[in-house]
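These notes concern the structure reproduced below.
The values are calculated or read from the model by the stated rules, or taken from the named source; none is laboratory data. This structure is a prediction, so every number in the text was calculated from the model and none was measured. All Cβ positions, even for glycine, are placed from backbone atoms using ideal geometry, and neighbour counts span all protein chains on display. Side chains included, ligands, DNA and RNA excluded: accessible areas come from the protein's heavy atoms. Shrake-Rupley method; radii C 1.70, N 1.55, O 1.52, S 1.80 Å.
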Amino acid sequence: MADRRRINGPPGSTMPPVFEDDAGQPEIKNGKGRDRAPNVIRKMFLKTGVTPSASGSAYLEFAGSSNSGVSGLKLSCTVHGPRSLPRSSPFSPHIVLSAHVKYAPFATKQRRGYLRDPSERDLGTHLETALRGAIIADRWPKSGVDIIISIIEGDQDRETSKSQGDETWDMMNALSGCITVASAALADAGIDCVDTVAGGVAALVEDAGEGSTPRIVVDPIPSDHEKVLGACCIAYLPTRDEVTNLWFKGDLPASDAGLYTQLVENGIQASRNANRVLVECLGEATS
């Protein structure tokens, strides 16, 4: 009679599976490259009202790369408020905005901790700055609103090593997505804004191959290019033609002012393209 309280092993001996090792095979780099025009952003999916318990919520997903191992960026945002501040808080004639950005533990190649690291705090600071220029803050005195964004999956290539430094440039795309999804969640919560703010990224990249010259592309994926020389993330209000946040990273010559201007102009164009998706999503939600 078999013992039902034990999980018995197989009656005979078994051999563990042995997989082929790719270390001896030559590395193939022909599949690496951007499959979009320099001024075209990736396809986006945006939906509001995904969390019924929150005042407003939204989910944003970007299409992945054609390269294997690179999946698209996925973000979820919830807005709680406006609600009255605690009695112990000092008086504020404007709404108190709090932005919280956190990577899921499984979002990147290196497993994230449960406490926010400096990069996540930087994302929260830039997001809060970008949204302050869009919210009509004096409509809610003595009130506060919490914006919580969870990055479910990043843009990193899980087959490459961390030594390439892609994580630094992935933060640009993450911030751009955070701004767009937070703007949709604020509209879903009914918080008045002067305009719909959207994020866009432009980067100066260098592709593989002899004789390749650096070029400016929008919505870059670091694994699609040989090297990223610099990038900027812009939060833009299209109707008012205003920039609420600007973040530069990279090593660019300070004497070439025209290069900075081109990066900003391309970042604004990427923000306009993302804003069209945002406006269309909000129109479908209200209809």
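Between PHE248 and MET15, the simple label model (points 7 Å from Cα in the Cβ direction) yields a spacing of 6.2 nm. Overall shape of segment 36-118 was characterised from the C-alpha gyration tensor. The equivalent ellipsoid obtained from it has semi-axes of 33, 18, 13 Å, in decreasing order.
When GLU153, GLU242 are compared by accessible area at a 1.4 angstrom probe, the order from most to least is GLU242, GLU153. Per-residue packing, averaged as other Cβ atoms within 10 Å, sorts the ranges 169-176, 131-138 into the order 169-176, 131-138, beginning with the highest.
Taking all protein chains as they are arranged and a probe of 1.4 Å, the heavy atoms of VAL18 leave approximately 130 Å² accessible to solvent.
Between ILE152 and VAL194, what is 0.36 nm times their sequence separation minus the Cα-Cα distance? Round to one decimal in nm. Gain on stretching ILE152 to VAL194: 12.2 nm.
On the beta carbon distance between ALA63 and SER98, with R0 = 30 Å, the FRET formula returns roughly 0.45. The order of ILE147, ILE41 by accessible area, most exposed first and with a 1.4 Å probe, is ILE41, ILE147. Seen from all directions on average, segment 212-254 presents a Cα convex hull projection of 4.1 nm².
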